[in-house]
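These notes concern the structure reproduced below.
All of the numbers you see were taken from the coordinates with simple rules; none came from a lab. For clarity, every value in this text was computed on a predicted model and none was experimentally measured. Positions of Cβ are generated from backbone atoms using ideal geometry, with glycine treated the same way; all protein chains shown enter the neighbour counts.
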Amino acid sequence: YTGKLRNLVVLIRFKDHVNRPLPSKRDYHILMNNVGGHRTLAPTGSVRDVFTQNSFDKLNLISKVTDWITLPYTEKYYADGKSGKTAKMKEGLNYALHQAVKMINIKDFDGDNDGEIDAIT
């Protein structure tokens, strides 16, 4: 893939994590997009920098970060005793994606016009 690739970054937290301190949406934006990195958040470069460098300047990854999406159930529910590799975790991811698409225009993330988001984190 070459050219501009728009990446959707979906911030997800469990219902029982709402009172935990979490990085801000702005912090994630810096981590994902800052050209040249950031002194404290991305001292060796942003995710965008990594993709640019590794593609020999052929890929320009531009990420949009959603607001935090709180899943309707607890971490224990989604882990289901199996470290999260469960159908319940897939259910949680589907929930988060349905919430995320309400915040965006899907066409902005469908560079090849196949009706699907091209990149999601």
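With unit charges on the beta carbon (Lys/Arg positive, Asp/Glu negative), name the residue among Thr66, Gly36, Asn19 whose Cα is farthest towards the positive pole of the charge dipole of the stretch 1-114.
After comparing all options, I get Asn19.
Does anything in the stretch 74-113 have its amide N under 19 Å from the 7 Å Cα→Cβ label point of Ser55, and if so which residues?
Flagged as within label range: 107-113.
Tell me which residues come under 5 Å, amide H to amide H, from Leu61 once H is placed; ignore anything under 5 positions away on its chain.
Leu5, Thr52
If you line up the long axis of helix 87-100 against the longest principal axis of the chain, both from Cα atoms, how many degrees apart are they, to the nearest 10?
60
Read phi for every residue in the stretch 3-17 and hand back ³J(HN,Hα) as whole Hz from Karplus 6.51 cos²θ - 1.76 cosθ + 1.60, θ = phi - 60°, with x for Gly and Pro.
So the Karplus estimates, Gly and Pro as x, are x, 8, 10, 8, 10, 9, 9, 9, 8, 10, 9, 7, 3, 8, 10 Hz.
May I ask you to list the trypsin sites (Lys or Arg not before Pro) in the stretch 1-70 that are in a DSSP loop and have at most 13 other Cβ atoms within 10 Å of their Cβ? Before the final figure, lay out the partial values.
Details: sites: Lys4, Arg6, Arg13, Lys15, Lys25, Arg26, Arg39, Arg48, Lys58, Lys64; in loops: Arg39, Lys58.
Here the sparse-neighbourhood loop sites are Arg39, Lys58.
Calculate, in nm to one decimal, what Thr40 and Asp27 gain on full extension: separation in residues at 0.36 nm each, minus their alpha carbon distance.
On the way: separation 13, 0.36 × 13 = 4.68 nm, distance 1.01 nm.
Gain on extension, Thr40 to Asp27, equals 3.7 nm.
Give a quick list of chymotrypsin sites (Phe, Trp or Tyr not before Pro) in the stretch 1-79 that DSSP marks as loop, anything other than H, G, I, E or B, with at most 12 other Cβ atoms within 10 Å.
Phe56
Quick query: amide H of Thr121 versus all other amide H atoms, modeled in the peptide plane; which residues come in under 5 Å with a sequence gap of 5 or more or a different chain?
Residues meeting the amide H criterion: Leu8, Val9, Val10.
List the GluC sites (Glu not before Pro) within the stretch 29-121 that DSSP assigns to loop and that have no more than 15 neighbouring Cβ atoms inside 10 Å. Walk me through the intermediate numbers first.
Numbers: sites: Glu75, Glu91, Glu116; in loops: Glu116.
Filter output for the stretch 29-121: Glu116.
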